[in-house]
Amino acid sequence: MQPTNTANPAYFHKVVDCQWACPAHTPVPEYIRLIAQGRYGDAYMVNWVSNVFPGILGRTCDRPCEPACRRGRVEEANAEKPEPVAICRLKRVAADLKEDVVARMPRPLPSNGRRIACVGAGPASLTVARDLAPLGYQVTVFEGEQKAGGFMHQQIPRFRLPESVIDEETGYIFALGVEFKSGRRIESMKALLAEGYDAVFVGCGAPRGRDLDIPGRKEAAEHIHIGIDWLASVSFGHVTKVGKRVIVLGGGNTAMDCCRSARRLGGEDVKVIVRSGFDEMKASPWEKEDAQHEGIPIINMHVPKAFVHEGGKLTGMTFEIVRAEHDDKGRRKLVPTGEPDAFFACDEVLIAVGQENAFPWIERDVGIDFDQWGLPLLREGTFQSTLPKVFFGGDAAYGPKNIITAVAQGHEAAVSIDLLLDGQDVAARPAPRTNLMSEKMGIHEWAYDNDPSNDLRYKVPWANAEKALASIKVEVELGFDARTAFKEAGRCLNCDVQTVFTPKLCIECDACVDICPMDCITFTANGDEADLRQRLNAPANDTEQDLFVSPELKTGRVLVKDEDVCLHCGLCAERCPTGAWDMQKFLLLTAKAGGAMNPVAASAERTAT
């Protein structure tokens, strides 16, 4: 193997598993350390720069960072079921316990005379607005509803996300000088372009829920609802009650929101019925757990067959029972078991089987091309459409995902818009800003806590069940208090504090090998990667994470370190008699529109360093 190029920012970035997995690349260990120090405002601002909505995401994020967390794969001896650090809930702590941060928000540069239109006030559009307004762009956000937030406001139930949190965090963006035109639904792209905007960003989401065309659908239509439309009606107060027996169809997060909302609106017998297996459901594991915690059963491997009705009144549904079979390529096929069809009585059905994009307002001769699925054709990595001044992001770009993905795409689209209007190539993406700083403060002292807690993951407190189920607006999760947040933050392994090796100082004494608690350091002869992985002191079988390989040392051997299971404890650096090992904090800030000129990026660097 060739020596590892640690000058490539992607190498150390990938070692910080949580940040690598986050679509917006939030510096997770950095803000967790700040929380442990009681610096909640600083932790909030580090989050705000990357993910824009810390309070919202601290309650609703899909948490791609947590399955990636190193803690979940290195504490097998400490727990029967190893669990990651509660990253998402710690994010909420920063939002809930912060001081007033208004004075810390960036001050926009003078107007540059360029006008940007953002269609829709969802997370992608608001991210574009947040990134461009401080640079002097005049940004106008158009929204058909009266409040900003998009599906965060319209479809996430208030028992998960209070309206006050949405208002606060969207308010920070509008305070930057962004104009918000509520109740203004864009009906024509041609008309919008005729208003003379220099660039247009489309972030209108995937507003159309998929229907289910099976027998009885039309006849019993009065009692059958599209899930996302029903959630919006609940949010706006148009729906205040539901039948006692409710079936929710679908296995995603929208289905989980539907069933839990129905439970609070009077549903006594609420069940989720899905065609896949439980583990194959698209809903996040914690969303499924929350629904089951509230007494809602999830029935799997049932394919909807018909709505049963009497004179237009829905009485139930029939389902075909299936099992999953996989071919030699791993493709799944649902095969009938031959059992009799199952019947479930119900008064109402909520269909949450997916969402689709809908762009009836974009004329097909305006210069924007779409694919066979109705999605815009975009220039890879730039979010630029075939009409160069029009960009897409969030669910409107590549279909339904989640809030943090929409934010990440908004950042990238803002970079593209800024490059375009500056006369540069939008494909020439700016590099991230990185820093490595030694944490050494003495022979056995570091500027970070390198002795992580052995505690198991802490449980977040819930509101009283009777009280929570009695109202659609009572927030269920109460969040960590400061004491519990401190203890949970202590479980973080500080994966951004890197083990940095200086080959010329190494005398190959094997002291680091002897003291490493994970046996992840090995001196050995070089070889190809597959061979080398099996010759280490502990075989490195997770090929998703890289090996660190040094240049050839004095004996002709190389030092190899398995980055996958390193605890970042610093024992190798403490034991090394020559200082060949050092613990250095790696900071990566992804590029934002305007680069170093952007007040948002400058604020992030000041806070983090």
Over all viewing directions the Cα convex hull of the stretch 225-337 casts an average projected area in nm² of 8.1 nm²
Residue-normalised value, i.e. accessible area per residue, for the chain at 1.4 Å probe, in Å², stands at 42 Å²
PRE zone check, label point 7 Å out along Cα-to-Cβ of Gln534, amide N under 19 Å, scope the stretch 546-589, hits 547, 560-562
Expressed in angstrom and ordered largest first, the alpha-carbon extents of the stretch 287-370 along the principal axes are 52, 46, 32
The FRET efficiency for Ala191 and Gln424, from their Cβ-Cβ distance with R0 = 30 Å and rounded to 0.05, is 0.55
The base-10 log of I(q)/I(0) that the Debye equation returns for the chain at q = 0.05, 0.11 Å⁻¹, one scatterer per C-alpha, is -0.25, -1.15
Taking only the alpha-carbon atoms of the stretch 63-143, the convex hull volume per residue, in cubic angstrom, is 146 Å³
The stretch 459-609, Kirkwood Rh and Cα Rg, ratio Rg/Rh at 1.15
A chain fully extended from Met1 to Leu456 at 0.36 nm per residue, minus the present Cα-Cα distance, gains in nm 160.0 nm
Subtracting the Cα-Cα distance of Asp542 and Gln146 from 0.36 nm times their residue separation yields 137.6 nm
Contour minus Cα-Cα span, Glu310 to Arg364, at 0.36 nm per residue, comes to 15.1 nm
Semi-axes of the stretch 181-224 from the Cα gyration tensor (sqrt of 5 times each eigenvalue, largest first, whole Å) come to 37, 11, 10
Over all viewing directions the Cα convex hull of the stretch 392-435 casts an average projected area in nm² of 3.8 nm²
Largest-first semi-axes in Å of the equivalent ellipsoid built from the Cα gyration tensor of the stretch 138-229 are 31, 21, 9
Compactness check, the stretch 1-123: C-alpha Rg relative to the 2.2 N^0.38 Å globular estimate gives 1.29
Between Trp373 and Glu289, Cβ-based FRET efficiency (R0 25 Å, step 0.05) works out to 0.20
Cross-link reach from Lys181 to lysines, straight Cα distance under 20 Å and at least 8 residues apart if same chain, gives Lys147, Lys190
In the chain, helical segments from DSSP H whose Cα atoms cover 18 Å or more along their own axis and that average at least -0.5 on the Kyte-Doolittle scale are 403-421
With the 8 Å Cα cutoff and a minimum separation of six or more residues, the chain has a relative contact order in percent of 18 percent
Here the net charge surrounding Cys516, from other residues whose Cβ is less than 11 Å away from its Cβ (Lys, Arg +1; Asp, Glu -1), is -2
The relative contact order of the stretch 47-97, taking Cα pairs under 8 Å that sit 6 or more residues apart, comes to a percentage of 47 percent
For the chain, the percent of accessible surface on carbon and sulfur atoms (probe 1.4 angstrom, ligands and nucleic acids excluded) is 50 percent
Over all pairs of different Cα atoms in the stretch 412-524, the reciprocal of the mean inverse distance gives a Kirkwood radius in Å of 20.3 Å
Given the candidates Met518, Leu436, Ala324, the one whose Cα lies deepest towards the positive end of the charge dipole of the chain, counting +1 at each Lys or Arg C-beta and -1 at each Asp or Glu C-beta, is Leu436
Restricting to lysines and to Cα separations under 27 Å from Lys305, and discarding same-chain partners fewer than 8 apart, the set is Lys218, Lys241, Lys244, Lys271, Lys282, Lys288, Lys313, Lys333
Taking every other residue with Cβ under 15 Å from the Cβ of Pro336 and scoring Lys and Arg +1, Asp and Glu -1, one gets +1
Taking only the alpha carbons of the stretch 229-281, the radius of gyration and the largest Cα-Cα distance, Dmax, both in angstrom, are 11.4, 34
DSSP beta bridges in the chain: the antiparallel percent, rounded to 5, is 60 percent
Taking N as the residue count of the stretch 349-498, its alpha carbon Rg divided by 2.2 N^0.38 Å gives 1.60
Surrounding charge for Ala538, neighbours by C-beta under 9 angstrom, Lys/Arg +1, Asp/Glu -1, total -2
If R0 = 56 Å, then Leu478 and Ile507, at their Cβ-Cβ distance, give a FRET efficiency to the nearest 0.05 of 0.55
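The values are calculated or read from the model by the stated rules, or taken from the named source; none is laboratory data. Since this is a predicted model, take the numbers as computed values, not measurements. With ideal geometry, Cβ positions are generated from the backbone for all residues, glycine too; neighbour counts draw on all protein chains shown. Side chains are part of the model used for accessible areas, which takes the heavy atoms of the whole protein and leaves out ligands, DNA and RNA. Shrake-Rupley method; radii C 1.70, N 1.55, O 1.52, S 1.80 Å.
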